[in-house]
1. Just list whichever of Lys113/Lys157; Lys46/Lys157; Lys180/Lys222; Lys46/Lys180 have alpha carbons separated by over 26 Å in the model shown.
2. Using the Cα gyration tensor of the range 109-178, with a ≥ b ≥ c the square roots of its eigenvalues, what is the shape: rounded (a/c below 1.5), prolate (a/b larger than b/c) or oblate (neither)?
3. Give me the one-decimal nm value for the distance between modelled label points at Leu129 and Tyr69, 7 Å along each residue's Cα-to-Cβ direction.
4. Rounded to whole Hz and in sequence order, give me ³J(HN,Hα) for the range 80-86 from the Karplus expression 6.51 cos²θ - 1.76 cosθ + 1.60, θ = phi - 60°, writing x for Gly and Pro.
5. Most fluctuating residue of His114, His141, His175 in a GNM of the chain with Cα springs under 10 Å: which is it?
6. Which one of Pro119, Pro29, Pro174 has the biggest mean-square fluctuation once the chain is modelled by GNM with Cα springs under 10 Å?
7. Give me Rg/Rg_expected for the chain, where Rg uses Cα atoms only and Rg_expected = 2.2 N^0.38 Å with N residues.
8. Please turn the phi angles of the range 181-190 into ³J(HN,Hα) values with the Karplus equation 6.51 cos²θ - 1.76 cosθ + 1.60 (θ = phi - 60°), one per residue in order, whole Hz, x for glycine and proline.
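A short reminder: the numbers here are calculations on the coordinates, not readings from a lab. Because the structure is a prediction, the values reported are computed rather than measured. Methodologically, a virtual Cβ is constructed for each residue, glycine included, from the backbone with ideal geometry; neighbour enumeration extends over all protein chains shown.
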Amino acid sequence: MEYHPSKKYIRASIELGEIKNIPDDIVLPFYIEYNSLYPFILYIFKRVDDELHFIEKDELDIIFETFFYQPVTFINHHTIFYEIQNVTELSGTLYDNSTVLWFATPYEIYNTKHVFNLPFSTQVNTFFLDNPLLQNLYWDHIIQPSPIIAYSQNQLKNIIFQSTFGTNFEKESPHYTLYKNIINPLLPTTRFSLFTPFEESNTNGEISFETHIQHTPICYTKNVIF
């Protein structure tokens, strides 16, 4: 089991007191990433055609076992919310046109409205709009900073390295660079969470930052055309 870098033996949590307008017969699995500057939450959806939808209750176990090639352990916290317990590493996950499960940050759900080029369904958008507290993650009763999503693109031979070790290091400040948008959908892409502080370019979506631990790889893809 992984813990937040503070080394306190407590778990991060989301606010599940009053959830409104829960759709029928669905579940909302989630995963809390602790191997980062701050813990952050990833809600999990399934791809249906070219949209991201809620997972149906009766397919929870089989769809995760198929994705991870092993049984997955969950804790049911509140009605539809199931936290993954026995998965500790996502950075090496390759996403492509056949990927079924998609892990999404609150930034993507509430701000960009898509993961890579896949939008959320109307049902998903409506539910999260009705429940804005689901974007908050608490650690020791304190709301934690939430990352944005940024991208790195390179040749495929470098993508696996980047998904493990991050973007290329530069000797001169700023030391690291990512992009707020996908520059070329034909290029392999590593998807990162990125915490402040960082600086954004006004022209090409470039994001510069100083410290390696500010960003955490989530997954990579050969291309992002769907």
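1. Long pairs (Cα-Cα over 26 Å): Lys113/Lys157; Lys46/Lys157.
2. It is oblate, given that a/c is not under 1.5 and a/b is not larger than b/c.
3. It is 4.1 nm.
4. The phi angles translate into 8, 8, 10, 8, 5, 10, 10 Hz.
5. Highest fluctuation of the listed residues: His141.
6. Per the Cα network of the chain with a 10 Å cutoff, Pro174 tops the list.
7. Dividing the Cα Rg of the chain by 2.2 N^0.38 Å gives 0.99.
8. Couplings: 10, 6, 6, 9, x, 7, 8, x, 9, 9 Hz.
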